[in-house]
Amino acid sequence: MRKHIVAANWKMNLLISEGERLVQEILKEPIELKYNQNVIFCPPFTHLTSIAKLLNDSGKTKFYLGAQNCAIQDSGAFTGEISISMLKDIGVRYVIVGHSERRQLFGESNELIKQKIDALLTNQITPIFCCGEPLDVREKNNQNEFVEKQLEESIFHLKGAVLANEIIIAYEPIWAIGTGKTATTDQAEEMHLHIRKLIETKFDIEVANDVSILYGGSCKAENALELFANENVDGGLIGGAALEAHTFLPIIKALN
Ligand code: PGA
């Protein structure tokens, strides 16, 4: 049975004190998450230790810590990099990989993303694998082929059981990220169904049914309920709307 998840991608935002306040405000809300629902906070690296402490001290079990990036090497002369074992040491359970900002601004390829996924899985950390097309691809109606190539080159080498249980997919159309332009409910559902069909063809129907596929891109309080109501949308990866409790809490509550 697949998990329903809301993951907060803070990107390069908030100072530690602001992040702590935000998490405290969310944790103090009496939210009853169901057995298959999780919330994941992905703050900047510098905030991980203090957010980990807040999550631990809260005693709440369905709120987890994630990071926004990782190195593929485990240690050594890689100035400026953070290894997966360092993240694990802090209590990180998830890492976002393949985010379009890392692909576009930092030149990350499908091959590098594949290597990050393999390194994370070796360390028992769950990758949140992002895929999604830019606007010009959507305008030519080539989004299905574009996303298929991303899946083929970064995650379709995995074993079915690993794909089903140890990885989360996030579909984020690039034209909807931070633009206020959300994919319509139909556009999101169509792509999520397409991804699930590709997985069914490549693996089998159980794997396709078990993998969680999140939607990301201007998901907010106003549209989360409608997006999450789709059969194939299992929650969201949230940027801007995850930076304040009053905008993030309704999105958590929209989980079904
Ligand atoms: P957004 O970002 O919600 O601000 O559009 C989503 C993301 O980039 O993960």
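The values are calculated or read from the model by the stated rules, or taken from the named source; none is laboratory data. All of these numbers come straight from a predicted model, not from anything done at the bench. Here the Cβ positions follow ideal geometry from the backbone for every residue, glycine too, while neighbour counts run over all protein chains shown. For accessibility, only protein heavy atoms count, side chains too; no ligands or nucleic acids. Shrake-Rupley method; radii C 1.70, N 1.55, O 1.52, S 1.80 Å.
For this structure, a couple of remarks:
- Reported count of residues in region 216-239, each being β-branched (Val, Ile, Thr) and in a strand (DSSP E or B), is 1.
- Any hit, region 90-98, residues being within 15 Å of the chain's Cα centre (by Cα), at pLDDT 95 or above and open to solvent by 10 Å² or more (accessible area, probe 1.4 Å): yes
- Qualifying residue in region 79-93 (condition: within 16 Å of the ligand (Cβ to nearest atom), without any contact (Cβ under 8 Å) to a residue 40 or more places away in the chain, of a type in the set (Lys, Arg) and at negative phi): no
- If the condition is being buried (at least 18 other Cβ atoms within 10 Å of the Cβ), within 14 Å of the ligand (Cβ to nearest atom) and of a type in the set (Gly, Ala, Ser), then region 198-236 contributes Gly216, Gly217, Ser218, Ala224, Gly235, Gly236.
- Selection of region 194-215 for residues being part of a helix (DSSP H, G or I) and under 20 Å from Ile174 (Cβ atoms) yields His194, Ile195, Leu198.
- Test result for Gly239, touching a residue at least 24 places away in the same chain (Cβ under 8 Å), out of contact with any strand residue (DSSP E or B) (no Cβ under 6 Å at 6 or more places or on another chain), open to solvent by less than 30 Å² (accessible area, probe 1.4 Å) and not polar (S, T, N, Q): no
- When region 22-45 is filtered for residues that are over 13 Å from Phe248 (Cα atoms) and either assigned to a helix (DSSP H, G or I) or within 16 Å of the ligand (Cβ to nearest atom) (or both), the ones remaining, listed by number, are Cys42, Pro43, Pro44, Phe45.
- Boolean, Glu148 is assigned to a loop (DSSP other than H, G, I, E, B), of a type outside the set (A, V, I, L, M), touching a helix residue (DSSP H, G or I) at 6+ places or on another chain (Cβ under 8 Å) and surrounded by 15 or more Cβ atoms within 10 Å (Cβ to Cβ): no
- When Gln104, Gln115, Gln124, Gln73 are checked against the criterion of being touching a residue at least 60 places away in the same chain (Cβ under 8 Å) and either open to solvent by 30 Å² or more (accessible area, probe 1.4 Å) or assigned to a helix (DSSP H, G or I) (or both), a single residue qualifies: Gln104.
- The set of residues in region 40-67 that are over 18 Å from Ile128 (Cα atoms) and either in contact (Cβ under 8 Å) with a residue 24 or more places away in the chain or in contact with a Lys or Arg (Cβ under 8 Å, 6 or more places away or on another chain) (or both) comprises Thr46, His47, Thr49, Ser50, Ile51, Ala52, Leu54, Leu55, Asn56, Ser58, Lys60.
- Considering residues of region 11-21 that are assigned to a helix (DSSP H, G or I) and without any contact (Cβ under 8 Å) to a residue 12 or more places away in the chain only, the residue nearest to the ligand (Cβ to nearest atom): Glu18
- Among the criteria (1) closer than 19 Å to Gly132 by Cα; (2) within 16 Å of the ligand (Cβ to nearest atom), the one Leu193 does not fulfil is (2).
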